[in-house]
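The numbers here are math on the coordinates, done by the rules we state, and not lab data. The model shown is predicted, which means the values in this text are computed figures rather than measured ones. Cβ sites come from the backbone with ideal geometry, for glycine too, and all protein chains shown count toward neighbours.
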Amino acid sequence: MQLAVQTETRSEPDHVAQFHRDGYAVVRGLFTPAEVAEIAAAFDREYAAGLAHGRSFRHGNLYYRLRKDAERGPIVRLAQWPSYHDPVLAKVRTDRRILDLLQPLIGRDLKQIINQLHWKPPGAKAAEFAFHQDIRFRRPRSAYRNPAVSYVQTGLAIDPHTRESGCMRLLPGSHRNGEIALPVEGAIGDNAAAEAALATAGLDPTKLVDLKLEPGDFAMWGLFTVHGSGANDSKRDRRFYLNGYVRASDCARGEWAFRGGRPCALGWPQLVTYEDLFVRPEPHFPPE
């Protein structure tokens, strides 16, 4: 199935033209070194908090996913919705600079579906993401309308992202092919980014590009853009702050981020992806 994706025009900003053409875009140095250092400190606090639980832990929408790594022992793979309690991270999710980039793509009335911290500790082998499209995770489908043109996933680099550190790898133009049956058994985060899986799905792995980022660089990609990332074989962390936004009129769930261009603070948790939010909101250790 070929998707109808908006084409670029001369009046479009550079990042908009790249997003429409390639399915992703990068804005360099959106956040300053001082700001990145403050966010990095918040990452460190959240990593310590997650590790202290000893295993995956949930409290409402807040969720820490832990995994055992053969080289390092328990590691924190990700934290979902830490912005409910961390003011530094909460400030980033509604930063005006982000809205300025998103508005020409999806407007100024935006809900948020993703608020995640991703870690790849140095030397950790259990920290890969198989090649996938984010549309895979948007459930139930009835809650997400016009997904090809209403949703933008974003990522802020906290550390250098290189092939050695396990940077994201994307397939430019793959967003035009609709949903692709990529062969993955089990969870995306528990599988390697195998190029053979792309070939099996009829995609050309030689077209992959490395999303090389420096701290403060800001990346955007769509729900149908094929991407994945390998292990961190470097000697330093590879951290990524992900925030996913959707045009409010095209989504039946999520937390408000901007109304009429004005930032919205988080209040009582709303239904996002945790289906049992109103059944089991209390702190607990979910089954692995």
Pick out which of R77, R262, R58 has the largest mean-square fluctuation in a Gaussian network model of the chain, springs linking Cα atoms closer than 10 Å. R262
For segment 56-178, state what percent of all Cα-Cα pairs lands in each successive 5 Å bin, counting from 0 Å until the bin that includes the largest distance. 2, 8, 15, 19, 22, 19, 10, 4, 1
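Kirkwood Rh, Cα Rg: Rg to Rh for segment 153-257?
Numbers: Rg = 14.9 Å, Rh = 15.2 Å.
My calculation puts Rg/Rh at 0.98.
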Candidates A70, A157, A257; GNM for the chain (alpha-carbon contacts under 10 Å) flags as most fluctuating A70
When D14, D69 are arranged by how many other beta-carbons sit within 10 Å of their Cβ, fewest first, they go D14, D69
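Could you work out how much longer the chain between D14 and K235 gets when fully extended? Use 0.36 nm per residue separation minus the Cα distance between them, nm to one decimal.
Details: separation 221, 0.36 × 221 = 79.56 nm, distance 3.40 nm.
Extending this stretch completely gives an extra 76.2 nm.
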Spin-label model distance (nm) - S249 vs T200, 7 Å beyond Cα toward Cβ: 4.1 nm
